[in-house]
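Chemist: Quick one: the structure is below, and I'll ask about it shortly.
Just so it is clear, none of the values below were taken in a lab; they were calculated from the coordinates. If you're wondering where the values come from, they're calculated on a predicted model, not measured in any experiment. Cβ coordinates were reconstructed from backbone atoms using ideal geometry, including for glycine residues, and neighbour counts include every protein chain displayed.
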Amino acid sequence: MQVAMKIWRYDAATGERALREYEIDAPEEATLLDCLDIVKDKVDGTLAYRKSCRMMICGSCGMRMDGAAVLACKTRMFDVAKEGRVPVISAMGNLPIVRDLVVDMDPFWEKFKAMKPYLQPGYDRPEDGREYRITQERMNAVKKEALCINCGCCVSECNAMESDPEFLGPQALAKGFRFVGDPRDAATVERLEQYSGEHGIWECTRCFFCNERCPKGVDPRDAIAKLGAEAIRTGIDRDMGAKHAKWFVRSTETTGWLRETELVPKTQGVVSSIKQMKFALNLIKHNKAGLAFPPHVAANVDEARRLRRLVLAQGRLGSAGHIQGERALAKLEHGHHDGGDPYGPGSFPKPYLPEDTE
């Protein structure tokens, strides 16, 4: 097949930047990384990019295609070529560009190391000297976060990091939950205190781009939500973001709606509310304050209350509730219903098959 691409070329030493187009012949099974290899081998040997395993394991070949972060070794080019599109290939965002598609990963690794990404044991070794063992069920709590290959695709798309480069970021915080959620780790409270500080958990804007672009299904935003839930469970709720989240829960339990007129005093405090009275009066003047007496109650709010009571009765506090929900959603995604498996008891999800062979 014939593949056309536009690649942003950049040299940090000179500051030169140019968008150059390349056309190559490639096999139909070619990935974006294969196409870059062809460009480098046969057209322009000066093209710079990273690669290693070529198997979606090492995370080296993260870059952007048409403004969205991808792993080049995972991105098939057949459909792109068939449609006649000419994608624009560029370096990942939120990291300094060294040359062409190569970014400086030092800021990435500094935040990674700030998470103390190693186990701080909180268990006694067996007296017989054998390995300390734990059930798979308990380790499943960090199953998704353990899939991270540190490719940086989530960091590339993070809105919060774009506005505040000091934000710890989705990859680092997902790695943080990898250890906060590990039942063998003894530093849970210390970690949550650190992660809840400035530039931490509550600075996430919840845009979910990190979940969308993660090539391994880690879902970093979900990991950040679990950290927030664990922080509140352990009483680490001094941050305004934690207070905001707690008021969301309270609103759900009572009226089922977010009562914004009470949100500011509950989140920022009375003093801050008084300072914003002029703004509040302006909202009231334009009927934007949502004032209603008695407060409007959402339809079927009893269902939300029963759900909350059920979670409390089951003891699924903090991240446990999120993890339970993830498992349920995963089953629904693969066609499970009423506790049944669509392809027979104990079977695996149906594999992908081309349309003409089903």
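Chemist: Taking 2.2 N^0.38 Å as the expected size of a compact globular protein, what ratio does the Cα radius of gyration of the chain give against it, to two decimals?
Modeler: 1.19
Chemist: Angle, helix 301-314 long axis vs. longest principal axis of the chain, Cα atoms, 0 to 90°, nearest 10?
Modeler: 80
Chemist: Just grab the label-to-label distance for Tyr132 and Ala299, each label 7 Å out from Cα along the Cβ direction, in nm (one decimal).
Modeler: Distance between the two pseudo-spin positions: 5.3 nm.
Chemist: On to the next question. Taking the alpha-carbon centroid of each part, what is the distance from segment 217-246 to segment 1-30 in angstrom?
Modeler: 41
Chemist: Fewest Cβ neighbours within 10 Å first, please rank Thr14, Thr254 accordingly.
Modeler: Listing Thr14, Thr254 from fewest to most nearby Cβ atoms yields Thr14, Thr254.
Chemist: Right, something else. With charges set only on the Cβ (+1 for Lys and Arg, -1 for Asp and Glu), what does the dipole of the chain come to about its Cα centre, in debye to the nearest 20?
Modeler: 1360
Chemist: Right, another one. What number comes out for the charge environment of Gly169, summing +1 per Lys or Arg and -1 per Asp or Glu over other residues with Cβ under 11 Å away?
Modeler: It works out to a net charge of -4.
Chemist: Also: Based only on other Cβ atoms within 10 Å, what is the fewest-to-most ordering of Leu227, Leu33?
Modeler: Fewest-to-most ranking of Leu227, Leu33: Leu33, Leu227.
Chemist: Let me ask something else. Of Ile236, Thr135, Ser60, which is farthest along the charge dipole of the chain in the positive direction, counting Lys and Arg as +1 and Asp and Glu as -1 at C-beta?
Modeler: The residue sitting farthest along the positive end of the dipole is Ile236.
Chemist: Further question on the same structure: Would you mind working out the magnitude of the charge dipole of segment 240-317 relative to its Cα centre, with +1 at each Lys and Arg C-beta and -1 at each Asp and Glu C-beta, to the nearest 20 Debye?
Modeler: Once rounded to the nearest 20, the dipole reads 200 debye.
Chemist: For a quick check: sort His322, His296, His199 by the number of other beta carbons within 10 angstrom, fewest at the front.
Modeler: Ranking His322, His296, His199 by Cβ neighbours within 10 Å, fewest first, gives His296, His199, His322.
Chemist: Taking only DSSP H segments of four or more residues, each worth -39500 (n - 2.57), what value at 222 nm results for the chain once the sum is divided by all its residues, to the nearest 500 deg cm²/dmol?
Modeler: Mean residue ellipticity at 222 nm (helix-derived): -11000 deg cm²/dmol.
Chemist: While we're looking at this one, here's another question. Per 10 Å bin from zero, what fraction in whole % of the C-alpha pairs of segment 75-220 is there, up to the bin with the longest pair?
Modeler: Each 10 Å bin holds this share of Cα pairs: 10, 33, 30, 16, 8, 2, 0.
Chemist: Now a separate question. Step through the residues of segment 188-196 one at a time and calculate ³J(HN,Hα) from phi using the Karplus curve (6.51 cos²θ - 1.76 cosθ + 1.60, θ = phi - 60°), rounding each to whole Hz and writing x for Gly and Pro.
Modeler: Per residue, the Karplus-derived 3J(HN,Hα) values read 4, 5, 4, 5, 5, 4, 5, 5, 8 Hz.
Chemist: Sort by residue number and name the cysteines in the chain that have no neighbouring cysteine Cβ under 4.7 Å.
Modeler: Singleton cysteines: Cys35, Cys61, Cys73, Cys148, Cys151, Cys153, Cys158, Cys204, Cys207, Cys214.
Chemist: Against the longest alpha carbon principal axis of the chain, how many degrees, from 0 to 90 and to the nearest 10, is the axis of helix 319-333 turned?
Modeler: The angle comes out at about 50 degrees.
Chemist: Relative to the longest principal axis of the C-alpha atoms of the chain, give the angle of the C-alpha long axis of helix 240-254, reported between 0 and 90° and rounded to the nearest 10°.
Modeler: With rounding to tens, the tilt is 60 degrees.
Chemist: Quick one: check the C-alpha center-to-center distance for segment 143-173 versus segment 41-89, whole angstrom.
Modeler: 20
Chemist: Now for a different question. What are the aspartates and glutamates whose alpha-carbon lies under 13 Å from the alpha-carbon of Lys113, with same-chain residues fewer than 8 places away excluded?
Modeler: Result set, ordered by chain and number: empty.
Chemist: If you place +1 on the Cβ of every Lys and Arg, -1 on the Cβ of every Asp and Glu, and leave all else neutral, what size is the dipole of segment 5-73 about its Cα centre, to the nearest 20 Debye?
Modeler: Dipole size: approximately 360 debye.
Chemist: Can I ask one more? For each pair in Lys266/Lys288; Lys74/Lys116; Lys6/Lys42, compute the distance between the two Cα atoms and list the pairs where it is over 24 Å.
Modeler: Lys74/Lys116
Chemist: Excluding Met65 itself, what net charge comes from residues whose Cβ is under 13 Å from its Cβ, given Lys and Arg +1 and Asp and Glu -1?
Modeler: So the surrounding residues net to +3.
Chemist: Over the chain, calculate the relative contact order: mean separation of alpha carbon pairs under 8 Å at least 6 apart, over the residue count, as a percent.
Modeler: Result for the chain is 12 percent.
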